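First up is the structure itself, then whatever we jot down about it.
The values are calculated or read from the model by the stated rules, or taken from the named source; none is laboratory data. As the structure is a computational prediction, the values presented were derived from the model and not from experiment. Glycine also receives a Cβ, built like all others from the backbone with ideal geometry; neighbour counts cover every protein chain displayed. Please note that ligands, DNA and RNA were not included when accessible areas were found on the heavy atoms of the full protein model with its side chains. Shrake-Rupley method; radii C 1.70, N 1.55, O 1.52, S 1.80 Å.
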Amino acid sequence: DKGGHKHFMAKEIAEQPAVIGDTLRHYLSAAGGGLTLPQPEMDFTQYDRLTLVACGTAYYACLTAKYWFEQLAGLPVDVDIASEFRYREPPVPARTAAIFVSQSGETADTLAALRYCEGRAAKILSIVNVPESSIARESDLALPIHAGVEIGVASTKAFTCQLTVLLLMALKAASDREAIDPARLSDLLSHLRGLPSTINNTLELNEDFRKAAYQLSSAENALFLGRGMMYPLALEGALKLKEISYIHAEAYASGELKHGPIALIDEKMPVIVMAPRDALFDKTVSNMQEVMARGGKVMLITDAPGAAAASEDTWLTLTLPQVDPILSPILYAIPAQLLAYHTAVAKGTDVDQPRNLAKSVTVE
Ligand code: F6R
């Protein structure tokens, strides 16, 4: 049942305020007017290092979480693609917790990486959408993301719910390790509580994204750029676009532009820049100017302060609500999804069942 939407993907994008609200309700409890952090059987003072392993979109959730665990909790994080991790046979230092992220909980490479860590890692934690899955069953602790069944092959609501659980875990780690000021912590928790309504407001910009996507649909290639926590989101934006619209898209950390990809810039290569006005914004603007000076067309996805500060020479500027920079990866997933979705619709591709792809990759 597509609930009145044309595709399951559209339905699942639209469900995000509700399912993220569910995820938050499952993990946060209100106590004395404030919010208390989830208390899974996981004491982050017992670990000196985390290893996060996954495939595809779940891997980009892990890459985002690295920024959170490192910045908020001062906990070093290694992130790896499951198919690389399992055959590299990396050492797993003592006091390492291994975290596996998977929507289906059945991805063959992720499961094999988990089995490799059995007996090697101090703790095996998984973040899954399917609680009865193999990955959940074989973990010391499995945290469900409560996204509900995801049918569209391109992952949308599972990604934002994975991010939500990962951010809650990073906040739990920060609190266990006394790395965060309690006032800042309660501030972030109340911002998180407000996120479903901010996402709702973002979904109301659907028509703007549809128009932007229409312009994008004639491109043969596209480049996504982001810095800091927006870098994994750029990767996710490029993956979504490739998967369902078959436009060749690549993503780079903005600072890498001049180390090679700038050679590709011309008027036929749209460059999608994901950049809220955060501490790194000015650096991203200078990368954008490098693109525009070479005739490149920039689609800037930012917030109102970013739109005001950016130059007027962008091809398109899309303005999202402003959120605390820690939360922006979750919010900026929405434009990544909407752009890909509407581009695919404009091209007439099979959005829910893209060619050559399967929802669950149970063979390597
Ligand atoms: C992208 C996508 C895939 C999956 C990947 C991992 O939209 O759906 O990249 O994210 O195959 O799948 P899970 O999360 O089930 O392990």
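Brief remarks follow.
- Taking N as its residue count, the alpha carbon Rg of the stretch 1-147 over 2.2 N^0.38 Å: 1.12
- Förster radius 25 Å - calculated FRET efficiency between A279 and D208 (Cβ-Cβ, nearest 0.05): 0.40
- Computed over the chain, relative contact order equals 19 percent, with contacts defined as Cα pairs under 8 Å that lie 6+ residues apart.
- Per-residue packing, averaged as other Cβ atoms within 10 Å, sorts the ranges 211-224, 94-107, 6-19 into the order 94-107, 6-19, 211-224, beginning with the highest.
- Positive minus negative residues near L205 (Lys, Arg vs Asp, Glu; Cβ under 14 Å): -2
- Peptides 48-55, 351-358 ranked from most to least packed by the mean count of surrounding Cβ atoms within 10 Å: 48-55, 351-358.
- For the chain, the per residue solvent-accessible surface stands at 40 Å², with DNA, RNA and ligands left out and a 1.4 Å probe.
- Here's the picture: charge each Lys and Arg Cβ at +1 and each Asp and Glu Cβ at -1 in the chain, and of A251, I265, I330 the one pushed furthest to the positive end of that dipole is I265.
- Kyte-Doolittle mean at least 1.0, axial Cα span of 27 Å or more - DSSP H helices of the chain: 157-176
- FRET efficiency, Q322 to E132 (Cβ-Cβ, R0 35 Å, nearest 0.05): 0.30
- Dipole magnitude for the chain: about 220 debye, using +1 per Lys or Arg Cβ and -1 per Asp or Glu Cβ, origin at the Cα centre.
- Rough spin-label spacing in nm, given labels placed 7 Å along Cα→Cβ, for N356 and A309: 4.0 nm
- Ranked by how many other beta carbons lie within 10 Å on average, peptides 246-257, 301-312 from highest: 246-257, 301-312
- Sequence-distant residues sharing a close amide H with L318 (under 5 Å, placed H): L300, I301, T302
- Label sites at D48 and V363, each approximated as a point 7 angstrom past Cα along Cα to Cβ, lie 4.3 nm apart.
- Here the scattering of the chain is modelled by Debye summation over its C-alpha atoms, one equal scatterer each and no solvent; at q = 0.11, 0.13, 0.14, 0.15 Å⁻¹ the log10 of I(q)/I(0) is -0.72, -1.03, -1.19, -1.36.
- To put it simply, the accessible area of the stretch 1-118 at a 1.4 Å probe is 49 percent carbon and sulfur.
- Listed residue (M169, F44, G3) projecting farthest to the positive dipole end of the chain, Cβ model: G3
- Rg over Rh, two decimals, the stretch 238-364 (C-alpha only, Kirkwood Rh): 1.00
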